[in-house]
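Reviewing the structure listed below.
The values are calculated or read from the model by the stated rules, or taken from the named source; none is laboratory data. Because the structure is a prediction, the values reported are computed rather than measured. So basically every Cβ, Gly included, is an ideal-geometry build from the backbone, and we count neighbours across all protein chains shown.
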Amino acid sequence: MAKIPRSFTLPLLLSLARVVPAHAATATVAFEIHDGIRQPESVLYEAARQRLIIANMGGGEATLDDHNGFLAVADLKTRRARRWAGGLSAPKGMGIAGEVVVVADIHRLVAFDLATGAQRWVRELPGAEFLNDIAVGTDRTLYCSDTATHRIWRLRPGGDPEPFVDDPLLDGPNGLAVDGDRLLVATWGHHQRGRVVAIDLASRRLTDLFPAGPFSHLDGIVAAGHGHWLVTDHAAGTLLRLTPGRPPQTLLAGVATVADLAVVVEKGLALLPILDEDRVIAVGVAPPAE
């Protein structure tokens, strides 16, 4: 995730505390993408075209309307990215809803045509401060996190944006992933360490899934098949595997400023944007041991 304003961060001592990995790192870097990207914050895999969509902040501040941001696309075969869509300031998480990709851009949601890259619509979210990630339900309902607050927004097809959940347990909600009838939330943690929280989509009840951690400031979260999820810890510089009933497993360490990831399950790859290094790394991720 992009560096958030100082007023939103943990006390210095907690921010600098090191998190001890639960297990030794096991993943390996398969390849990297450097060309055509600048300050990448989020990666999304579009299965229909077998390509990556990369949200680039373009060297600007995370909350500044500077119009430096853009989306790039990268073919998995050529492993080269090219600028695809502009008109953004600090684009972060994305989600595909039908024929459009929707991106969170500070206080608005912006949709682009997947076929042409043309802008289709813009929705302002009143009172939003730091829109970060997007998840899409099976009915194309959009969920969007606001990391400066405790809030998750919802946008139903044909409707207006509305607050969905606002709860102190969501201490800086960041990464989102729809998992059946619940929404998984990886929190940044302003006043405590990050958490992984499940929200029941019907009752809106919250459950802390891994209360023992060990987490620092969490960023992206994705379902990765085989009944587990992958999550990035931006501050610790790690990629973690989460499996219900087991302690978190560190798959990769030493990737400082890792942000909002994507996964290509059929290829066994996780795509990690490294915000401050202008690169995206592809990491081979083997299925978990039984």
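Things worth noting here:
- Which listed residue is at pLDDT below 95, under 27 Å from ARG51 (Cβ atoms) and either outside any helix (DSSP H, G or I) or within 16 Å of the chain's Cα centre (by Cα) (or both), from PRO247, PRO287, PRO214, PRO273: PRO287
- Looking only at the stretch 247-262, residues that are touching a His at 6+ places or on another chain (Cβ under 7 Å) and either closer than 23 Å to PRO211 by Cβ or surrounded by 23 or more Cβ atoms within 10 Å (Cβ to Cβ) (or both) come to 4 in all.
- Extreme residue, nearest to GLY175 (Cα to Cα), among residues of the stretch 59-80 that are in a loop (DSSP other than H, G, I, E, B) and either under 17 Å from the mean Cα position of the chain (by Cα) or acidic (Asp, Glu) (or both): ALA62
- For beta carbons closer than 8 Å, sequence separation of 6+ or different chains, a first residue in the stretch 77-102 that is within 18 Å of HIS34 (Cα to Cα) and a second that is among the acidic types (Asp, Glu) and outside any strand (DSSP E or B), the qualifying pairs are ARG80/ASP35; ALA81/ASP35.
- Just one of the numbered conditions (1) crowded, with 23+ Cβ neighbours inside 10 Å; (2) over 18 Å from ASP219 (Cβ atoms); (3) acidic (Asp, Glu) is not true of GLU46: (1).
- For the stretch 111-125, the count of residues that are buried (at least 18 other Cβ atoms within 10 Å of the Cβ) and in a strand (DSSP E or B) is at least one.
- Residue list for the stretch 215-249, filter: on the phi < 0 side of the Ramachandran plot and small (Gly, Ala, Ser): SER216, GLY220, ALA223, ALA224, ALA235, ALA236
- Test: PRO244 is farther than 23 Å from ILE152 by Cα, surrounded by fewer than 15 Cβ atoms within 10 Å (Cβ to Cβ) and touching a Gly at 6+ places or on another chain (Cβ under 8 Å): yes
- Which numbered condition ALA282 misses (of (1) over 17 Å from GLY172 (Cβ atoms); (2) of a type in the set (A, V, I, L, M, F, W, C); (3) touching a residue at least 60 places away in the same chain (Cβ under 8 Å); (4) in contact with a Pro (Cβ under 8 Å, 6 or more places away or on another chain)): (4)
- Checked across the stretch 81-96, the condition of being part of a loop (DSSP other than H, G, I, E, B) and either modelled with pLDDT under 95 or on the phi > 0 side of the Ramachandran plot (or both) holds for no residue.
- Residues of the stretch 1-50 that turn out to be in a loop (DSSP other than H, G, I, E, B), more than 17 Å from LEU131 (Cα to Cα) and modelled with pLDDT under 85, as a count: 12
- Flag for LEU261 being of a type outside the set (Val, Ile, Thr), closer than 15 Å to ILE54 by Cβ and under 17 Å from the mean Cα position of the chain (by Cα): yes
- Search result, residues across the stretch 126-180 that are part of a strand (DSSP E or B), in contact (Cβ under 8 Å) with a residue 24 or more places away in the chain and over 13 Å from the mean Cα position of the chain (by Cα): LEU142, ILE152, TRP153, LEU155, PHE164, VAL165, ASP179
- Residue identified as of a type in the set (A, V, I, L, M, F, W, C), surrounded by 16 or more Cβ atoms within 10 Å (Cβ to Cβ), touching a Lys or Arg at 6+ places or on another chain (Cβ under 6 Å) and closer than 25 Å to VAL263 by Cα among ALA81, ALA97, ALA90: ALA97
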